[in-house]
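The values are calculated or read from the model by the stated rules, or taken from the named source; none is laboratory data. What you see is a predicted model, and the numbers here were worked out from it, not measured in a lab. Heads up, the Cβs are rebuilt from the backbone with ideal geometry, glycines too, and the neighbour counts pull from every protein chain shown. The area values use the complete protein model at the heavy-atom level, side chains included, leaving out ligands, DNA and RNA. Shrake-Rupley method; radii C 1.70, N 1.55, O 1.52, S 1.80 Å.
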Amino acid sequence: MRYISTRGKAPALSFSDVLLTGLAEDGGLYLPETWPSFSLSEWQAMRGLPYPELAARIMTPFVGEDITPDTLRSLCEKAYAGFDHPAIVPLTQVEDGLFVQELFHGPTLAFKDMAMQLLGQLFEHVLAERNSHVTIVGATSGDTGSAAIEACRGRDRLSVVILHPKDRTSEVQRRQMTTVLEPNVTNLAIEGTFDDCQDLVKSLFADMPFRKEMHLSAVNSINWARIAAQIPYYVYAALNFGAPEQEVSFAVPTGNFGNILAAWAARKMGLPVRHLCVGSNRNDILTRFLNANDMTMKSVMPSLSPSMDIQVSSNFERLLFELLGRDAEACARIMTSFRATGHMDVPAEAWETAHALFSGLALDDAATEAEIKGLHDRSGYLADPHSAIGIAAGRRFRESGVPMVAMATAHPAKFPDAMVAATGIRPALPAHLADLYSREERYRTVPATADAVKDAVRAAVLSNA
Ligand SMILES: *Cc1c(COP(=O)(O)O)cnc(C)c1O
């Protein structure tokens, strides 16, 4: 299997190279050259498989020749061994025809673990084969950083440096990062905002000599392997509800469009997915696009669902490329002008294709709080603010005869203040995190300048060599 860039000007790469590279050289995102698909009998044969084995089956065509099927299966088993639910991604019914799939049973209590735990295994395996080492550098406003740290902690061939805006993440989120004390983990508290952190990471990657010297690598949500690792849970849910003979629909609380893109990919591979519903908070660029072909950037506003506070959904470019019939030149042109003008000109025909499959619903904070409370009153189910938005979108677009599965992307204990405000209940942290508030923290405070961050990265890598 080879991967091509959505902008058409970067070399085609294998799975392992795409894993280590992340963003394509031409600024585009990698996609498989052709979409693998499964036949009716192949889908049927996957029913009832334990989750790690199902994940390995789905990933096999994407990995191609790079990793043997046996090794891939053992990496999947190790990736999901630490999850605290035997089903890994359990399904619960909350209303007539409306189900929740919980993706938060991994170590950091958010769905990022689903992909990141497997990425940690894949990185370690590929780097051992190449006898190489990389330094993962990333910026986080919360969930991504802790998931990356958990996936990389204690691994010999990986150093991980995560920048977070000092005093601007929630205490749970900060402690999930800063209480990891393995020597290959470095937390930098940047004296600035999340945008400053992102700009600093970009400037490190743009400095080619530094990037080569430190073997920098990224695990942000544009990494193709993360999308691939998110496809299996959609398959798991659909098979549970009678696929391939029965259709299902999905509702997904969406930020960077990575999670829902995996659902779209599952459909592309032949899974009978009827409808895809995007849930947004007041940062509603995707809902505006889906309802009225209005993809216009606005400034980011804080909300109760911070992991969806985005201005631009970076993975949308992958869908755009497909909507344009894989015309890389048109895709590059539209993306460049979007960056320049803040408005994306999607041709009417492409928009109609998206509109036929996707729907969008946006909830402001008051509506999110009402959804958390209403759902809890009626069904007893406690959904965090992100998950509640997905559930509301699922209810809005549910059709009779087609099970609607809403993705629950975070454990409610990750957002205790929002839960108390909506329901009066403070959800307890799971046992493995029960002492989080009393653990020792370690991080370095660093000014928001590229030189200071480069020095800190260099020191981290040297001390870990
Ligand atoms: C990252 C995240 C999202 C958004 O997922 P995307 O793949 O960026 O669309 C939603 N909810 C939670 C809890 C998250 O951590």
Charge tally in the Cβ shell below 11 Å around Ser387, where Lys, Arg are +1 and Asp, Glu are -1, Ser387 excluded: -2
Accessible surface of the stretch 99-249, 1.4 Å probe, proportion on carbon and sulfur as whole %: 45
Alpha-carbon centroids, the stretch 299-314 and the stretch 224-241: separation in whole Å: 24
Mean Cβ neighbour count within 10 Å, used as a protection proxy, ranking 79-85, 432-438 highest first: 79-85, 432-438
Cα-Cα separations in the stretch 74-163 greater than 19 Å, expressed as whole percent: 45
The stretch 102-150 - percent relative contact order, Cα under 8 Å, separation 6 or more: 47
Percent carbon-and-sulfur accessible area, the stretch 397-459, ignoring ligands, DNA and RNA, probe 1.4 Å: 51
All lysines inside 19 Å of Lys112 as judged from Cα atoms, apart from same-chain residues fewer than 8 positions distant: Lys78, Lys414
The stretch 1-61 and the stretch 363-420: distance between their alpha carbon centers, rounded to Å: 31
Accessible surface, the stretch 219-306, averaged per residue in Å² (probe 1.4 Å): 27
Ordering of 288-297, 247-256, 302-311 by packing [mean C-beta count within 10 Å, highest first]: 247-256, 302-311, 288-297
Å² of accessible area per residue within the stretch 10-119, as computed with a 1.4 Å probe and no ligands counted: 37
Descending semi-axes in Å of the stretch 150-204, equivalent ellipsoid built from Cα gyration tensor: 20, 15, 7
Potential lengthening between Trp35 and Thr68 on full extension [0.36 nm per residue; Cα-Cα distance subtracted]: 9.9 nm
Selection from Thr445, Pro412, His432 lying farthest towards where the dipole of the stretch 388-465 points positive, charges on Cβ: Pro412
Whole-Hz ³J(HN,Hα) from phi, Karplus 6.51 cos²θ - 1.76 cosθ + 1.60, for the stretch 208-223, glycine and proline x: 3, x, 5, 4, 5, 4, 8, 6, 5, 9, 10, 10, 6, 6, 7, 5
Inter-centroid distance (Cα atoms) of the stretch 83-129 relative to the stretch 160-214, Å: 24
Förster radius 25 Å - calculated FRET efficiency between Glu42 and Leu429, Cβ distance, rounded to 0.05: 0.05
Zone of Arg439's modelled label, taken as backbone nitrogen in the stretch 166-192 under 20 Å from a point 7 Å along Cα→Cβ: 166-190
Space enclosed by the convex hull of the alpha-carbon atoms of the stretch 7-135, per residue, Å³: 163
Kirkwood Rh in Å, taken over all unlike Cα pairs in the chain: 22.3
Counting DSSP beta bridges with both ends in the chain, the antiparallel % (nearest 5): 25
Sites matching GluC sites (Glu not before Pro) across the stretch 18-101 that sit in DSSP coil, with at most 16 neighbouring C-beta atoms within 10 Å: Glu25, Glu33, Glu65
Label-point separation, His355 to Ala459 (7 Å along Cα→Cβ), nm: 5.6
Relative contact order of the stretch 61-210, defined on C-alpha pairs under 8 angstrom at six or more residues apart (%): 18
For the chain: relative contact order, % (alpha-carbon pairs under 8 angstrom, 6 or more apart): 19
Signed unit charges on C-beta, dipole axis of the chain, positive-most listed residue Leu261, Ser37, Met177: Met177
